[in-house]
1. For the pair A:Arg113/B:Asp267, report the inter-label distance in nm, with labels modelled 7 Å from Cα in the Cβ direction.
2. Let me understand region B:1-78 better: what is its radius of gyration from the alpha carbons, and its Dmax, in angstrom?
3. Among residues other than B:Arg177 whose Cβ falls under 10 Å from its Cβ, what is the net charge (Lys/Arg +1, Asp/Glu -1)?
4. With the Cα gyration tensor of region A:1-69 in hand, give its eigenvalues times 5 under a square root as the equivalent ellipsoid semi-axes, listed largest first in whole angstrom.
5. Size of the dipole of chain B about the Cα centre, Lys and Arg at +1 and Asp and Glu at -1 on the beta carbon, nothing else charged, in debye to 20?
6. What's the FRET efficiency of A:Asp87 with B:Glu173 using the Cβ-Cβ distance as r and R₀ = 45 Å, to the nearest 0.05?
7. Cα atoms only, region B:1-152: Rg and Dmax in Å?
8. Out of all Cα-Cα pairs in chain A, roughly what percent, to the nearest whole number, are more than 27 Å apart?
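What follows draws every value from the coordinates through simple rules; no lab data is involved. Being a predicted model, the structure only gives us computed values, none of them experimental. Note that we place each Cβ from the backbone using ideal geometry, even for glycine, and neighbour counts take in every protein chain shown.
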Amino acid sequence: MLPLVDLESRGYWDALRRHRIVLQRCDACARLRFPPMPGCPYCGRRGHTEVEVRGRGRIYAMVRVHRALTPAMVGEVPYVVAVVELDEGPRVIARIDGDGSAGTHIDAAVSARFVDHDDWTELRFEVVA
Amino acid sequence: MTPRAAVTGVGYTAFTRRSERSVLDLAAEACAAAIEDAGLDRAEVDGVASFMVMHDSVPCQAVATVLGLPSQRLLLDVDLGGQAPCYLVGLAAAAVKAGMARNVVVFRAMNGRSGGRVGTMQFDGMGAQYRYPLGYDAYLMYVAMWASRFLYETGGGPEDLGAVAIAQRAYAERNARAVRREPLDLAAYLEAPYVVEPFRAADCTIEVDGACAVVVSSLDRARDLRHPPAVVAASAYRAGPRPGLDIGDHLLWGDYTRNYTSLLAADLYEKAGVGPRDVQLAEIYDCFSSTVLIGLEGLGLCGRGEAGAFVRSGGTAADGPLPVNTHGGLLAEGYLHGMNTVAEAALQVQGRGGDRQVVRHDVCAVTSGALMDGSALILTADR
């Protein structure tokens, strides 16, 4: 399934294709945010600058999917999806490499990598040993 | 004295796996049953309110047409899921108190099993693009995500989630309407495989085809009707800060261990003139088991991190200090998106709970919704 890219998110997806993570930083309050959106969810102002983040963070919450709920994912189970809190502040949603059996737990340190699909690039994380 | 409002009747269709009927037919049956149950003439009903997700139901105008209602002062369709039932009952009560309508029927209808299944629908919205391509593609995953953090921070485990499912199944054994009625114990719960960890099948609601409705009237009118009124003592809706770009986008929510119940509780109790210690039973929205634990703590009915132990100790059973989800909940009765949770609350307050009627039923807390936003009611006896 392809991401349904919109006017707000095009920069984010284009950057992933170049293996970079680019987020919006509010010009008024300087907070970073994700997902991309036309106003700051913390101060309500318009106006932002795109900044690159390092792709390091910690698992805030996670699920391990044992039974796929869509046909496209049947061959992937078990797989882990986590909310990752980046060192710079924002949280993103991403799969964590592996089946979650060892070392993949809440508060584990993770590092970004990029999975190139035919038409889009997925941000994924691996647990830092 | 300030005008007051009450739930005066409830109506249901059967809950089935395949209704072979139109959603409009189901909606009309449940609404007609609720109006009849209240003891009202259809001509007295001048408002209809409902909710739907991704157009899985029918507009109120269609229901008013099929029921032959002569004149509508309130037609209210909202684009919400399980956050809506208490919200709509609260809005109906406000409308009645303001003289905008006299008797409002609030319903939820859907072929939720044989037709579009909300749990796995791809929701519209700008947050969807970040979830679905990853295989993060069902509502149960979002609630499971919160549950993982809740259990982590509060030191809970599978036994805490299981206790919710087990306690509610015991009620369902006494509820002929419930879809899941076979007994459940901890061993059987733990033996079952995970669906999406930390949830097993018993932690998840069961989708059904069906409809449920309640009627809201002025308390003055209610006192002349067939059943004792279930007074709407308070209602509250709350969406916290940064509720997201669509109903599945929780990335900007700060604390997955606390949902909207934490935010609306003080407001709700103040409006009702009661506190958590006065609540005698609770009907807490439970599309998944974890939301009962988060709701018990959010409403102040249990202390932080104490809900799991409370449920494990039998605290929410029929003979416990705080019966919870006396119909078996959405986990066992079926997924009518919490409209049936409000209807059960009304039945209990009215003393019409049948084999599952609880002894103390004068003050009931009810909630609708699981995550960033939702609503709640305090229903009381006429006192």
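1. Placing both labels 7 Å along Cα→Cβ, they lie 4.6 nm apart.
2. Here Rg and the maximum Cα pair distance are 13.4, 48 Å.
3. -1
4. Taking √(5λ) for each eigenvalue gives 25, 16, 14 Å, largest first.
5. In total the dipole reaches around 520 debye.
6. 0.30
7. Every Cα atom of region B:1-152 included, Rg and Dmax give 17.8, 56 Å.
8. 22
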